[in-house]
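The values are calculated or read from the model by the stated rules, or taken from the named source; none is laboratory data. Bear in mind that the values here come from a model prediction, so they are computed numbers and not experimental data. Backbone-built Cβ (ideal geometry, glycine too); neighbour counts: all protein chains shown.
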Amino acid sequence: MVFNEKIVDAGELKHIEGKIELYWIYTSGEAGDRFFKALKDEGKFLAAKCTCCGKTYFPPRIYCEYDFSETEFVEISGEGCVRAFAVATLDNNEESLKNPEIYAIIDMDGTDGCIIHLLGEMDAEDIRVGMKVKPVLKSKEEREGRITDILYFKPV
Amino acid sequence: MLMEIERIKGLNFHKKQDVAIVGAGITTFKRRLNETGKELSYYAVKQALEEAGLGIEDIEMVVMGSAPDAFDGLHMKGEYLLDGSGGSDRPYMRVFVGGGTGVFAPIAGYWHVASGLADVCLVVCEEKMSSCHPHPQSAFKYIWDPILDRPLQPNLIWIFALEMRRYMHVNNIKHEDIALVSVKNKANALDHPAAQLAERITVEDVLNSEPMALPVRRLDVSPPSDGASALIMVAPHIARQLTDDPVWVAGVGWALDTTWWTNRDLYFPRYVAEAARMAYKMAHITEPRKEIDVAEPYDPFDYKELHHMEGLGLARKGEAPILTREGVTARDGDLPTCPSGGLLGVGNPIAATMGVKVAELYWQLAYRAGKRQVAKEVTRGVAQAWGDLMQVGTVVVLSNKR
Ligand SMILES: [Zn+2]
């Protein structure tokens, strides 16, 4: 069985280039619609509590995935604790990032859920697992009802 | 957070017949191969048929495993790969659970034969990641929730950095303990003819390699690769005609945790523990650390080998780094782990890693692993993979005793 020697330049191979030219429109769903409207219009954070087992989902959902019961929306503070963090130095194409980006999983107060988002206004060396953080939102005029309406989380 | 296992119910098990593996094949794993995915599949199948002493006409059904369509750049990749996989004019299906596919495809092959639907089933796994530009990593941009995650431009590497951080934090593990896995596996791969990244490196090399998303550095990570692998799974009466030393499938298990991956604690792979519980129950294994002789846990990152050993019950929580440091997991140790060289050393063509997980275990238990053969006497081994949104565990237990 013969295989070519390691080839790292695609241009050396007989090949053609191609694209899949499509784009998509994603809807945010029933729970997402409520969540993003509250965030955009009122700067509030909503979670969803299961009416059967009491598990509180964040981000909110209309159903409990474990007992298949309905949930009800509850307001939460939006604050939380850093569960884990990563300091990204390369982008998706493995190009160097000029300014490393710090991503964290944030354990949201008053819920059984977490969110993944950026950390800001702090140096990587100062971040600790368990650290208390709060969200920094765009101004009301700039908010579009997207997860990026939260700019980042910063230390409390 | 609920972390207990044994949530999964109803592991009822009524098989029609036992299942043996009688042949395996693997292509070279490389960053970029000239061969198309169909051609790679053909080479792997040809090798497996040769080892089994069978022809393609003897194959009754075919299972194909391949990960996201985005790598090859074709939707319906299963159909595209059909002819090179020996699937023409046969019952053929593609299975796909992301990175878990390399062990899930043989599980699907197992149920084809165990159910009595087929007596001879060919399992083929293929991945051609090099077609995808600007980098195969870009394809992973599109596995996230489009509303909640994707606007933040997540990258798979830093998702794993979060998990590695959590594992290190909860168990108080240092990066140098984790780096030993990369050192071991890349050295093991020196004896693998298909290897892409076999080399002798040191812990310092790992700790000083290029930062990707800290704590993850370049040498903590397996490379994207092109490659294919194949297995032949047969009923007992066929195995008897072909060989005196078949390797038997003693147990299979798989489980998925919630898609909301941020909502689980990341330090322990509960989904692997559930999948292992299912496979061990089937294989009548109650003390895996004592009853498993050789292991091929999924190692796309060095910390994942440790994480998965703990999920598989081969080490207590936080104990896997200690076993590694003590040489227990070396090829001449008491629990040889990734004797193939794993994904870190041989390469990571996602689904095709079946060739360094289940196929390696088969070769080890058949005493056909050549220079890679572990020192100790072996009867039973476990292979495992992991994938989707860090949520699927797939486990196969093999034994050379029926
Ligand atoms: Zn509930």
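Computed quantities for the displayed model
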read-out	value
Lone qualifier among A:GLU42, A:GLU94 - being within 8 Å of chain B (Cβ to nearest Cβ) and more than 23 Å from B:TYR267 (Cβ to Cβ)	A:GLU94
Selection within region B:146-166 - within 14 Å of A:ASP149 (Cα to Cα), within 7 Å of chain A (Cβ to nearest Cβ) and charged (D, E, K, R)	B:ASP149
Count - residues of region B:220-245 that are within 24 Å of B:LYS174 (Cα to Cα) and within 14 Å of another protein chain (Cβ to nearest Cβ)	3
Helices (runs of 4 or more DSSP H) wholly inside region B:283-332 containing at least 2 residues that are of a type in the set (D, E, K, R) and more than 20 Å from B:MET164 (Cβ to Cβ)	B:288-291
Leading residue by the ranking (surrounded by the fewest Cβ atoms within 10 Å (Cβ to Cβ)) among those in region A:86-111 that are farther than 14 Å from B:ILE157 by Cα and within 14 Å of the chain's Cα centre (by Cα)	A:ASP107
Residue count, region A:108-124 (criterion: under 19 Å from A:ALA86 (Cβ atoms) and away from every other protein chain (no Cβ under 11 Å))	5
A:LYS140 being more than 16 Å from the ligand (Cβ to nearest atom), modelled with pLDDT of 95 or more and among the charged types (D, E, K, R)	yes
Scope region A:60-95; condition within 16 Å of the ligand (Cβ to nearest atom) and not β-branched (Val, Ile, Thr); matching residues	A:PRO60, A:ARG61, A:TYR63, A:CYS64, A:GLU65, A:TYR66, A:ASP67, A:PHE68, A:SER69, A:GLU70, A:GLU72, A:PHE73
Total residues in region A:29-58, condition away from the ligand (no atom under 16 Å from the Cβ) and under 19 Å from A:GLU70 (Cβ atoms)	8
Near pairs, Cβ below 6 angstrom, 6+ apart or cross-chain, from region B:83-102 (among the basic types (Lys, Arg)) to any residue that is modelled with pLDDT of 95 or more and surrounded by 24 or more Cβ atoms within 10 Å (Cβ to Cβ)	B:ARG90/B:VAL62; B:ARG94/B:MET64
Qualifying residue in region A:134-154 (condition: within 27 Å of B:ASN172 (Cα to Cα) and in contact with a helix residue (DSSP H, G or I) (Cβ under 7 Å, 6 or more places away or on another chain))	no
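Residues checked against (1) within 13 Å of B:ASP226 (Cα to Cα); (2) modelled with pLDDT under 95; (3) assigned to a loop (DSSP other than H, G, I, E, B):
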position: B:GLU35; (1), (2), (3): yes, yes, yes
position: B:ALA44; (1), (2), (3): yes, no, no
position: B:ALA48; (1), (2), (3): no, no, no
position: B:VAL63; (1), (2), (3): no, no, no
position: B:HIS75; (1), (2), (3): no, yes, yes
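Residue-by-condition table, conditions (1) touching a Leu at 6+ places or on another chain (Cβ under 8 Å); (2) surrounded by fewer than 23 Cβ atoms within 10 Å (Cβ to Cβ); (3) touching a residue at least 60 places away in the same chain (Cβ under 8 Å):
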residue	(1), (2), (3)
B:SER225	no, no, yes
B:LEU231	yes, no, yes
B:GLN241	no, yes, no
B:ALA250	yes, no, yes
B:LEU256	no, yes, yes
B:VAL272	yes, no, yes
B:THR286	no, yes, no
